[in-house]
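The values are calculated or read from the model by the stated rules, or taken from the named source; none is laboratory data. These numbers come from a predicted model, not from an experiment. Just so you know, the surface numbers come from the protein's heavy atoms only, side chains and all, with ligands and any DNA or RNA stripped out. Shrake-Rupley method; radii C 1.70, N 1.55, O 1.52, S 1.80 Å.
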Amino acid sequence: MMKSRLWNSEQRFGVVAQWLHWGMFALIALQVVGGHVLDELPRQTVIRGFAYDAHETLGLIVLFLVFLRLSWKMANPTPVAVGPQWQLFAARAAHVALYVLMIAVPVVGYLMVDAQGFDVAFFGWTAPDLVATNKGLADRLNDLHAVLAWALTAIVGVHAGAAVWHQAIVRDGTMKRMLPAARTGQAL
């Protein structure tokens, strides 16, 4: 019984996939909001240093979770999707874009911090340097990091809008597949 709740079924995502999905959504939302707040914090203050370290640490956690999520996805078949071919193609394309951006944003952020000549923080430890200090490269990576973060935000918005559309307009149960099941005593 417990195994069926952890693993995906043909009808819905299991608990592990749901936790990874919603946990990553929360972390990414926090990162996007935090990214906008960072530059507003007073320079040369403890709170600014802490906020940057937290942003870098959470970015690396998101990167780790993306690979964990991809591993889980490969080991665990996705529930059967329903809808016209164009919708299925659009959903697959959006998911590919989400995964690419969930990897690209933290990788570019890491390289940007490294190119700025700062240590990349991970729970108070220093992550390895990957590139030499280079102000011009850091500026370009900063711009790219921002563009990729906005692209990720837009794709997440489209993804959420599609889920709501499926729930409210089409009423095909697509959104329920990623929501916790009601406790009815029925097997998932």
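Some observations on this one:
- Residue of I47, I155, I103 that the Gaussian network model of the chain assigns the largest fluctuation, springs spanning Cα pairs under 10 Å: I47
- GNM remark for the chain: springs join alpha carbons under 10 Å apart, and the peak mean-square fluctuation among A26, A151, A163 falls on A26.
- Reported label for calculated semi-axes √(5λ) of the Cα gyration tensor in Å given [x] 26, 21, 15; [y] 36, 18, 15; [z] 38, 21, 15: [y]
- Normalised by the number of residues in the chain, the mean separation of alpha-carbon contacts (under 8 Å, six or more apart) gives a relative contact order of 25 percent.
- Mean accessible surface per residue for the chain, computed with a 1.4 Å probe while every protein chain stays in place, in Å²: 64
- When shorter helices are ignored and each DSSP H run of at least 4 residues is given -39500 (n - 2.57), the per-residue value for the chain at 222 nm works out to -22500 deg cm²/dmol.
- Residue among H159, H145, H55 with the largest mean-square fluctuation in a Gaussian network model of the chain, springs linking Cα atoms under 10 Å: H159
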